[in-house]
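The values are calculated or read from the model by the stated rules, or taken from the named source; none is laboratory data. Since this is a predicted model, take the numbers as computed values, not measurements. Every residue, glycine as well, gets a Cβ built from its backbone with ideal geometry; the counts of neighbours run over all protein chains shown.
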């Protein structure tokens, strides 16, 4: 076990998905594996309870940790503050502490141009990503202040580089980056560091996209200079773990682009 033994991490959007070879095929689940290997007890959320229960079964069996699963869907028209608070209350009741918050959950209508985007499609991205991140950060703050914890938020190259057909997704992700920088300023005195990761990883969704739309995949998905897509646990999850490491506490308000050399920017 590692430096997170006995501590608690909340990871949103962490249901189980597998690649064709059976390995981890979702970024949230890859992060959960990385945290489990360091001994953290986990609270994992998502919309699909079947995927969450499968993740719980595997993580507890493989790593001997405790996992609390909570169905939580932040969306337009819901009492989203109450939805998120129920996750925090259940976490505190079971584990009594919150040391790390990882805001990974995000839905969007990718591929729809700005001119054709509907309000419902825009709301889907903003609520599931930006609003969810806001509510989780706000609800976790008093507990993270007690533990001098860490927040890791997720953004995307879609926002950094203005990807075609991803206006709502990019808007949500850039909003998350702005929120992160403000939190780094305001929460630094409390000993909380807050950072952003922009990943490019090989996932089950990307694998399915390649199979279903090979021409679109070829036109839009580019191989990084490193010659491979990121592994969700080894090359994304382990970085997310290190951002909660005491050795990295002085890093705050930063955006880390994990795209194998493809995410370079000034």
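Pairs linking a residue in the range 97-113 that is at positive phi and surrounded by fewer than 24 Cβ atoms within 10 Å (Cβ to Cβ) to a residue that is part of a loop (DSSP other than H, G, I, E, B) and at pLDDT below 90, with Cβ atoms under 8 Å and 6 or more positions apart or on different chains, are 111/165. Of all residues in the range 142-157, which are over 15 Å from the mean Cα position of the chain (by Cα), assigned to a helix (DSSP H, G or I) and surrounded by 19 or more Cβ atoms within 10 Å (Cβ to Cβ)? Listed by number, the residues that qualify are 143, 144.
In summary, helices (runs of 4 or more DSSP H) completely within the range 167-258 and bearing 1 or more residues that are out of contact with any helix residue (DSSP H, G or I) (no Cβ under 9 Å at 6 or more places or on another chain) occur at 167-187, 204-212, 214-220. Taken over the range 17-44, the residue count meeting the criterion of being over 18 Å from residue 244 (Cβ atoms) and either surrounded by fewer than 24 Cβ atoms within 10 Å (Cβ to Cβ) or modelled with pLDDT of 95 or more (or both) is 9.
Looking only at the range 52-75, which residues are under 16 Å from the mean Cα position of the chain (by Cα) and without any contact (Cβ under 8 Å) to a residue 60 or more places away in the chain?
52, 55, 69, 70, 71, 73
Taking the criterion of being modelled with pLDDT of 95 or more, touching a helix residue (DSSP H, G or I) at 6+ places or on another chain (Cβ under 8 Å) and assigned to a loop (DSSP other than H, G, I, E, B), the residues of the range 1-16 that qualify are 4, 7, 13, 14, 15, 16.
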